Amino acid sequence: MLKQALKPRWIGLLLVALALVSGFVMLSMWQLNSSTLGRVNADPAKDRVRPYTEVLKANEPLIQTQVDTVVEAEGTYVQGSSYLIENRLENGAHGYWIVSEFVPKDAQKVSIDGKQTQRAIAVARAWSRTTEIPQEPQGTVKIAGRVVSNEPAVASQSRHDEDAANPRTLASTSTAQLTNLWERPLYSSILTVAAEVPASQSLPVTVEKTIDESSTIIGQNQDLTPVRAAQVEDHDINWLNIFYSLEWLVFAGFALYLWWRMLKDSLDKESDPAQYFEYTGEYFIDEETGRAYYFDPADQQYYFFDTVPDMPSSTTTSRPTAQ
């Protein structure tokens, strides 16, 4: 078989088969990589505190590579600006986010209707199990926490419920909705506060530049705790892509098998041509013996079949015994 495989024809077919195999293997690797493209792993660099101006950009959405980044800012809360955001979990308990309007001292100035105002940050400064909204800290404060994606505006059921305990309740932290309620331009993301101190103090930051786990907020009590948002992680695998990857490997194996099978059949035909002989012309039936035979014009003689071929009756003719 090796001698047959080294013929130019079969070497050329082998190269074609190997090209197909390479293509199938590349497609398999592509599907395998696609199975984990949706996975999201925690980035330790996002846990290091940095100035909010490095992440929050005016009139720009929060891009995927900056989601869950920890930032710090110094400024003041707008008194009486807080709203409750319903259906928020903290250690498995249902409660509310308290979202407040925070104006950094170095915030960008914006002109609206001829009046100068500063851009603010929508801050989720605390989680509470009750519907009571605490007073915002007064004076200049420092805050630090994780920046999370904005949410679409959703109608709140409890806000329109006559029996609701607090009418200042929203269903989502939507900056589009809050900017209308506060009548002030906002950055298009939410800062969840894990640490909050007066401006005269330093934020509780570790030597690794991360927020200390024991950090608190001003006025913290059992019903008011910091919003310790964690990085979003997703380790799921798309098993459909895994199946496609294996399928392409099967195709690669079949391409090699097809080349080998064609080579083997060619070798078998050369070593035993009678086994692969097919006659499609007219043949005759000997009246005495009932055996089928045909005339080969190249050899100028008759040949008998070992078995009667399965052919249409129009191709058969009864003749006397061939001489």
Revision key, fill the gap. The residue from GLN138, GLN116 that alone is closer than 18 Å to GLN220 by Cα, polar (S, T, N, Q) and open to solvent by 50 Å² or more (accessible area, probe 1.4 Å) is GLN138
Exercise for review: State yes or no: is ALA107 under 27 Å from ASN180 (Cβ atoms) and either loosely packed, with under 12 Cβ neighbours inside 10 Å or more than 34 Å from the chain's Cα centre (by Cα) (or both)?
Suggested key: yes
Practice item. Can you give me the number of residues within region 179-193 that are crowded, with 17+ Cβ neighbours inside 10 Å and without any contact (Cβ under 8 Å) to a residue 60 or more places away in the chain? Key: 1
Exercise for review: Inspect region 236-254 for any residue being polar (S, T, N, Q) and touching a strand residue (DSSP E or B) at 6+ places or on another chain (Cβ under 6 Å) and give the result as yes or no.
Suggested key: no
Point to revise | Test: residue in region 91-101 that is part of a loop (DSSP other than H, G, I, E, B), within 26 Å of GLY139 (Cα to Cα), in contact (Cβ under 8 Å) with a residue 40 or more places away in the chain and not hydroxyl-bearing (Ser, Thr, Tyr) | key: no
**Study point:** Single match in ALA107, ALA122 (criterion: of a type in the set (Gly, Ala, Ser) and at pLDDT 90 or above)
**Key:** ALA122
Practice item. Determine if region 284-294 includes at least one residue that is in contact with a strand residue (DSSP E or B) (Cβ under 7 Å, 6 or more places away or on another chain), modelled with pLDDT under 80 and among the β-branched types (Val, Ile, Thr). Key: no
Review point. Somewhere in region 220-241, is a residue hydrophobic (A, V, I, L, M, F, W, C), modelled with pLDDT of 90 or more and surrounded by 16 or more Cβ atoms within 10 Å (Cβ to Cβ)?
Key: no
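Here's the yes/no breakdown for (1) in contact with a strand residue (DSSP E or B) (Cβ under 9 Å, 6 or more places away or on another chain); (2) at pLDDT 90 or above:
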residue	(1), (2)
LEU89	yes, no
TYR96	yes, yes
VAL99	yes, yes
GLY114	no, no
ARG159	yes, no
Exercise for review: Being surrounded by fewer than 20 Cβ atoms within 10 Å (Cβ to Cβ), more than 15 Å from SER82 (Cβ to Cβ), under 36 Å from the mean Cα position of the chain (by Cα) and modelled with pLDDT under 85 narrows it down to one of ALA171, ALA155, ALA176, so name that one.
Suggested key: ALA155
Exercise for review: Looking for whichever is assigned to a helix (DSSP H, G or I), at pLDDT 90 or above and surrounded by 13 or more Cβ atoms within 10 Å (Cβ to Cβ) here; the options are LEU258, LEU267. Which one fits?
Suggested key: LEU258
Revision key, fill the gap. Restricted to region 194-219 and to residues being among the hydroxyl-bearing types (Ser, Thr, Tyr) and either buried (at least 17 other Cβ atoms within 10 Å of the Cβ) or touching a helix residue (DSSP H, G or I) at 6+ places or on another chain (Cβ under 7 Å) (or both), the residue farthest from THR140 (Cα to Cα) is THR210
Check your understanding: Does GLU72 count as outside any loop (DSSP other than H, G, I, E, B) and open to solvent by 30 Å² or more (accessible area, probe 1.4 Å)?
Key -> yes
Review point. Is it fair to say ALA45 is part of a helix (DSSP H, G or I) and either in contact with an Asp or Glu (Cβ under 6 Å, 6 or more places away or on another chain) or at negative phi (or both)?
Key: yes
Review point. Right, VAL21: open to solvent by less than 30 Å² (accessible area, probe 1.4 Å), touching a residue at least 12 places away in the same chain (Cβ under 8 Å) and part of a helix (DSSP H, G or I) or not?
Key: yes
Exercise for review: Test ASN41 against the stated conditions and say whether it is at pLDDT below 80 and under 27 Å from the mean Cα position of the chain (by Cα).
Suggested key: yes
**Study point:** Within region 102-118, tally of residues that are more than 30 Å from LEU224 (Cα to Cα), in contact (Cβ under 8 Å) with a residue 60 or more places away in the chain and not aliphatic (A, V, I, L, M)
**Key:** 1
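The values are calculated or read from the model by the stated rules, or taken from the named source; none is laboratory data. Please read these numbers as outputs of a predicted model, since none were measured by experiment. FYI the Cβ positions are ideal-geometry reconstructions off the backbone, even for glycines, and counts take in every protein chain you see. Surface areas here come from the heavy atoms of the whole protein model, side chains and all, with no ligands, DNA or RNA. Shrake-Rupley method; radii C 1.70, N 1.55, O 1.52, S 1.80 Å.
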